[in-house]
Amino acid sequence: MPELKRTWSVPTSPRSPYKLPHELSLLKEFEGQLWNRHTQTLFAKKLAKSSFFQGTVSKKEPDFSARDRINRAPKTFGFVRFDNGRRIEITDAGSRLISNKRLEELFLKQLLKWQYPSPKHQSASYHGFRIKPFLETLRLIKKLGGLTKREISIFVLPLIDWKDYEKTKQEIIDFREKSKKYNTKIECQTYANQLHKEKFRHVYNRELAESLKLRESSRRQVDQDSFLATKIRNSIDYSDAAIRYFRATGLFTISSRTYRLQILDTKLQVVEEILSKTAREPLNFLENEAIFLDLLSNPDYPKLPDDNKQTLITEIMNIFKFLEDKSHNIPKIQLSPSYLNTLDIEQLKDKKEELERLGQKISEQEQLKQLQTYSLYAEISQTFEKIRDFRCLDIPDKPLFLEWNIWRALNMLDDGTIQGNLLLDLESKPLRTAPGNMPDMVCYYKDFVLVVEVTLARGARQYEIESEPVSRHLASVRKNLRQKGDRRPVYGLFIAATVNPAVIAHFYILRRTNIQYYDGTISFIPMNVQTFMNLLEIANTNGGVTSSQLYKFIRWADKAADGLTEEDWFNAISAKASNWI
C-alpha cells in the first residue's frame, strides 16, 4: 500500500527555480530520446561537467540524480513531459523557460496551474487532496499581511483541501496571538516547536496509530518521535523551497522585521484580480489527461491581469509612483496614459520590466546611503545571529540572506565599489544568489581587489562544491584585470558558518603553489561568520574604516600563514579579527 501524503510539497531539487533554464537547455539535447536509465545517466554526467551546475551527482546512481532534477520541478510545473512513449519532450512552457524571457510571468502562470490531484499526483497516496497550493497560499498572504517560513511549514503545507482555508487562516491568527505572550526568543522558539509537533502529530495521527499496532503485534521498536522529527524537518525544507519558487513570480518581497513573505505594494492590484478571477476548484482531468497536460505546458495560459492593456498601464503607473516616492532623482520617462495607450501589450510589458529594473537600482542606491552611515549595523548584526542559529527558522533561504547580509556589511565599510552578483527586488531584498561560474562578490578598492565567496555548506560537501570553483573565480577576475592593464593585487575572502579543515588546507596550499592553470598563486583568506562579525563590530566601534586599513589586515592575514600550520593560521586570523585596527 502506498504511503499516504498528508501535505503538499514544492520540489527541493533544484532548490532554486533560476537553475531550471540552464538544466532544461541541457536536457533539450536529449529531446526525443527515451527517458530511461541509459539516457538519465548520460544527462547526469553531462550536467556534472557543466559550468553552471553547483550541486552534486551521485557516482553510484547518476540516473537517480537525473530523475531527481527532471522528474520533480520541471515535470510538476509543466516544463517537460514524457507521455509519448516515455520520450523526452520539452514543452512550449519549457522552451519559453529556456529563452529566459519574462520568467516572472512564466513562473506565475505555471504555479497558478499547479494542482492536486494532477496526472503526476493522482494515486491513492493523494486521497483527499483538492487544492491549488500557490493560489491558496497567495490568498493567505494577502489576507494575513504575509507568512513566515515557520507558518507555511506548520499550517499551510497541511492545507490539502481549499475548503479548509478559513480554518487554516484562523489557526495562523491564533498562533500569532499566543506567540505575543512570550517575551524571549527562546520561549517563542520553544512554543513554535511544540506547536509544530502537536500539529503534525494530528496530521499524521493515522500513521502513528498504525505504528503502535505494528509495535504491539510484532514487538518491534517504532520511534514515533523520530518519525515526527523527519516529517517536521521535511516540512521546513518544503516551505523554504516554496518561498524560493513563489518569489520567482515577482509578486513578493521579504519583510526586514518579521521575515514574512509579503506582496509587493506595486503588485497588490494584480494579486487582487488573480484571487477574484481564478477558480479555486482544481481542474478535472480524469476523462482526458492529455487536455490537462496541454494546458499545463501552455505558457500563454491562463491569462493574467496584466495581459489586459488597461490593467498593465495601471500597474506601470503604480510602479512609477513607487519610484517617485523612493527617489526624486529618477530619469525623465515619458509615461503619460495617452502615450502608454499607443503601445501594444508586448511593448507595455517591456516598459514595465524597464521600470522594475530601474526601481531595483534606485532601491539599491537608497539602501547604500543608509549603509554608509552605519545606521543598519544593528539590523545586519541581528540577521547574522539568526543565520548562525540553526534553531532559528525565521529566515527563508539562509544561504541567500547570508550572501546579501555580507554584501550589505561590505558596503557599510564603504571606501570601495562592492559589486554583488545577487539580484535584489524592488524593496532591496535579496531575490536570488549569484549565478554559477561567477564569484559572489567582487570589491574594487583603490589599492587592491577582493573576491568574496560565501557559503553555508558544511563538512565534506563544502570542500566538494566550493574549493575549486572559488579559486577559479579569483583567477578569472585577476586575468580580466591584467588584460586591461590593471596591476592591483587580487585577494580572496572565504566566509562560511563553519570552515571545513580540508578547505583551510586547500587555501593554505594554493597561496604557496604557483599553478599554471590559475596563472600563479591564489591568496584566499578563510574565516567563519563569527570572525567576520568581529571585524564588522570593530569597524562600527571605531566609527568606520578605510580601505587602507582593510588592505593592511588582508595582507597580514595572507602572510600570517608563513611559518604556521594551516590550523594555526586559521586560528590566528580568528583571533586577530577582534583587534584588527
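The values are calculated or read from the model by the stated rules, or taken from the named source; none is laboratory data. Keep in mind the model is a prediction, meaning the values are calculated, not measured. Don't worry about glycine lacking a Cβ; one is built from the backbone with ideal geometry, like all the others, and counts go over all protein chains shown.
Going by the conditions given, is E207 at pLDDT below 90, in a helix (DSSP H, G or I) and more than 28 Å from L422 (Cβ to Cβ)?
Working: at pLDDT below 90: yes; in a helix (DSSP H, G or I): yes; more than 28 Å from L422 (Cβ to Cβ): yes.
Here the answer is yes, as E207 does meet what is asked.
Would you mention how many residues in region 27-40 are surrounded by 18 or more Cβ atoms within 10 Å (Cβ to Cβ) and farther than 23 Å from D92 by Cβ? Please lay out each step first, then the result.
First, the residues of region 27-40 that are surrounded by 18 or more Cβ atoms within 10 Å (Cβ to Cβ): 27, 30, 35, 39-40.
If we keep only those that are farther than 23 Å from D92 by Cβ as well, we get 40.
Total satisfying the criteria: 1.
So F43 ticks every box in (1) at pLDDT 95 or above; (2) over 24 Å from V10 (Cβ atoms); (3) surrounded by 18 or more Cβ atoms within 10 Å (Cβ to Cβ) but one. Which box is left unticked?
(2)
Kindly evaluate T266 against the criterion of being touching a residue at least 40 places away in the same chain (Cβ under 8 Å), surrounded by 19 or more Cβ atoms within 10 Å (Cβ to Cβ) and within 30 Å of A378 (Cα to Cα). Don't jump to the end; show me each part of the working.
Numbers: touching a residue at least 40 places away in the same chain (Cβ under 8 Å): yes; surrounded by 19 or more Cβ atoms within 10 Å (Cβ to Cβ): yes; within 30 Å of A378 (Cα to Cα): yes.
Criteria met by T266.
Restricted to region 392-444, and to residues that are modelled with pLDDT of 90 or more and β-branched (V, I, T), which residue is surrounded by the most Cβ atoms within 10 Å (Cβ to Cβ)?
I406
Report yes if some residue within region 493-510 is within 30 Å of Q372 (Cβ to Cβ), at pLDDT below 95 and in the same structural domain as Y377 (by TED's automatic domain parsing); otherwise report no.
Yes, region 493-510 has at least one match.
Which of (1) within 27 Å of A248 (Cβ to Cβ); (2) of a type in the set (K, R); (3) in contact (Cβ under 8 Å) with a residue 12 or more places away in the chain is the odd one out, the single condition R391 does not satisfy?
Failed condition: (1).
Please work out if Y377 is touching a Leu at 6+ places or on another chain (Cβ under 8 Å), at pLDDT 95 or above and not assigned by TED's automatic domain parsing to the domain that holds D265. Step through it out loud before you land on a result.
Working: touching a Leu at 6+ places or on another chain (Cβ under 8 Å): yes; at pLDDT 95 or above: no; not assigned by TED's automatic domain parsing to the domain that holds D265: yes.
Considered against the rule, which asks whether it is touching a Leu at 6+ places or on another chain (Cβ under 8 Å), at pLDDT 95 or above and not assigned by TED's automatic domain parsing to the domain that holds D265, Y377 comes out as no.
Here are E151, E187, E198, E177: which of them is surrounded by fewer than 14 Cβ atoms within 10 Å (Cβ to Cβ) and within 20 Å of Q262 (Cβ to Cβ)?
Details: E151 fails: surrounded by fewer than 14 Cβ atoms within 10 Å (Cβ to Cβ); E187 fails: within 20 Å of Q262 (Cβ to Cβ); E198 fails: within 20 Å of Q262 (Cβ to Cβ).
On inspection, the qualifying residue turns out to be E177.
Which residue, of G420, G359, is closer than 30 Å to E105 by Cβ, out of contact with any Pro (no Cβ under 8 Å at 6 or more places or on another chain), without any contact (Cβ under 8 Å) to a residue 40 or more places away in the chain and of a type in the set (G, A, S)? Let's see the steps before the verdict.
On the way: G359 fails: without any contact (Cβ under 8 Å) to a residue 40 or more places away in the chain.
So the residue among G420, G359 that is closer than 30 Å to E105 by Cβ, out of contact with any Pro (no Cβ under 8 Å at 6 or more places or on another chain), without any contact (Cβ under 8 Å) to a residue 40 or more places away in the chain and of a type in the set (G, A, S) is G420.
Taking the conditions exactly as written (surrounded by 15 or more Cβ atoms within 10 Å (Cβ to Cβ) and in a helix (DSSP H, G or I)), does L159 satisfy them or not? Full working, then the answer.
Numbers: surrounded by 15 or more Cβ atoms within 10 Å (Cβ to Cβ): yes; in a helix (DSSP H, G or I): no.
When the stated conditions are applied, L159 does not pass them.
Are there any pairs, at least 6 apart or on different chains, whose C-beta atoms fall under 8 Å, with the first in region 58-72 and of a type in the set (D, E, K, R) and the second buried (at least 18 other Cβ atoms within 10 Å of the Cβ) and assigned to a loop (DSSP other than H, G, I, E, B), and if so, which?
Qualifying pairs under 8 Å: R69/P14; R72/P11.
Looking at (1) buried (at least 19 other Cβ atoms within 10 Å of the Cβ); (2) closer than 17 Å to S471 by Cα; (3) aliphatic (A, V, I, L, M), which one does A502 not meet, given that it meets all the others?
(1)
Restricting the search to region 1-22, which residues are closer than 23 Å to S65 by Cβ and β-branched (V, I, T)? Explain how you work it out, then say what you get.
Residues of region 1-22 closer than 23 Å to S65 by Cβ: 3, 9-22.
Those that are closer than 23 Å to S65 by Cβ and β-branched (V, I, T): V10, T12.
Across region 386-438, which residue is farthest from the chain's Cα centre (by Cα) among those that are small (G, A, S) and closer than 26 Å to A475 by Cβ?
If we filter region 386-438 for residues that are small (G, A, S), which is where we start, we get 409, 416, 420, 428, 434, 436.
Right, trim to closer than 26 Å to A475 by Cβ and you get 409, 416, 420, 434, 436.
Details: A409: 20, G416: 27, G420: 16, A434: 10, G436: 14 Å.
So, considering only residues that are small (G, A, S) and closer than 26 Å to A475 by Cβ, the one farthest from the chain's Cα centre (by Cα) is G416.
Where in region 281-393 are the helices (runs of 4 or more DSSP H), entirely inside, with at least 1 residues that are among the aromatic types (F, W, Y) and under 30 Å from R233 (Cβ atoms)? Steps first, answer last, please.
On the way: elements: 289-296, 309-326, 337-340, 345-371, 377-388.
The qualifying helices (runs of 4 or more DSSP H) are 377-388.
Residues S58, S51, S25: which one is in contact with an Asp or Glu (Cβ under 9 Å, 6 or more places away or on another chain) and within 28 Å of D397 (Cβ to Cβ)?
Details: S51 fails: in contact with an Asp or Glu (Cβ under 9 Å, 6 or more places away or on another chain); S25 fails: in contact with an Asp or Glu (Cβ under 9 Å, 6 or more places away or on another chain).
Result: S58 is the single residue among S58, S51, S25 that is in contact with an Asp or Glu (Cβ under 9 Å, 6 or more places away or on another chain) and within 28 Å of D397 (Cβ to Cβ).
Looking only at residues that are in a loop (DSSP other than H, G, I, E, B) and loosely packed, with under 15 Cβ neighbours inside 10 Å in region 76-108, which one is nearest to the chain's Cα centre (by Cα)?
Step one: list which residues in region 76-108 are in a loop (DSSP other than H, G, I, E, B), which gives 77-79, 85-86, 91, 100-102.
Still in the running and loosely packed, with under 15 Cβ neighbours inside 10 Å: 85-86, 100-101.
Values: G85: 35, R86: 31, N100: 18, K101: 20 Å.
Residue satisfying both the conditions and the ranking: N100.
Do we find a residue being surrounded by 14 or more Cβ atoms within 10 Å (Cβ to Cβ) and modelled with pLDDT under 85 anywhere in region 334-344? Break it down stepwise before answering.
Keep residues of region 334-344 that are surrounded by 14 or more Cβ atoms within 10 Å (Cβ to Cβ), which gives 335, 340, 343.
Those still in the list that are modelled with pLDDT under 85 too: 335.
The answer is yes, given that some residue of region 334-344 is surrounded by 14 or more Cβ atoms within 10 Å (Cβ to Cβ) and modelled with pLDDT under 85.
Name the helices (runs of 4 or more DSSP H) wholly within region 501-581 that hold at least 1 residues that are more than 28 Å from K479 (Cα to Cα), of a type in the set (A, V, I, L, M, F, W, C) and without any contact (Cβ under 8 Å) to a residue 12 or more places away in the chain?
Values: elements: 501-510, 529-541, 547-559, 566-576.
Per the criteria, 566-576.
If you go through region 115-144, how many residues are touching a residue at least 60 places away in the same chain (Cβ under 8 Å) and either in a helix (DSSP H, G or I) or within 21 Å of the chain's Cα centre (by Cα) (or both)?
12
Would you say T258 is in contact (Cβ under 8 Å) with a residue 40 or more places away in the chain, of a type outside the set (K, R), in a loop (DSSP other than H, G, I, E, B) and more than 30 Å from L208 (Cα to Cα)?
Details: in contact (Cβ under 8 Å) with a residue 40 or more places away in the chain: yes; of a type outside the set (K, R): yes; in a loop (DSSP other than H, G, I, E, B): yes; more than 30 Å from L208 (Cα to Cα): yes.
So T258 fits the description; yes.
Restricting attention to region 542-581, which residues are among the acidic types (D, E) and under 34 Å from the mean Cα position of the chain (by Cα)? Walk me through how you get there before you give the answer.
Residues of region 542-581 among the acidic types (D, E): 558, 562, 566-568.
Scanning region 542-581 gives D558, E566, E567.
Return a yes/no flag: does region 445-468 have any residue that is modelled with pLDDT of 95 or more, more than 26 Å from N411 (Cα to Cα) and more than 24 Å from the chain's Cα centre (by Cα).
No, region 445-468 contains no residue that is modelled with pLDDT of 95 or more, more than 26 Å from N411 (Cα to Cα) and more than 24 Å from the chain's Cα centre (by Cα).
Report yes if some residue within region 159-172 is of a type outside the set (D, E), in the same structural domain as Y191 (by TED's automatic domain parsing) and free of Cβ contacts under 8 Å to residues at least 12 places away in the same chain; otherwise report no. Show your work before the answer.
Within region 159-172, the subset of a type outside the set (D, E) is 159-160, 162-163, 165, 167-170, 172.
Still in the running and in the same structural domain as Y191 (by TED's automatic domain parsing): 159-160, 162-163, 165, 167-170, 172.
Checking the rest, the ones that are also free of Cβ contacts under 8 Å to residues at least 12 places away in the same chain come to 167, 170.
Among the residues of region 159-172, at least one is of a type outside the set (D, E), in the same structural domain as Y191 (by TED's automatic domain parsing) and free of Cβ contacts under 8 Å to residues at least 12 places away in the same chain, which makes the answer yes.
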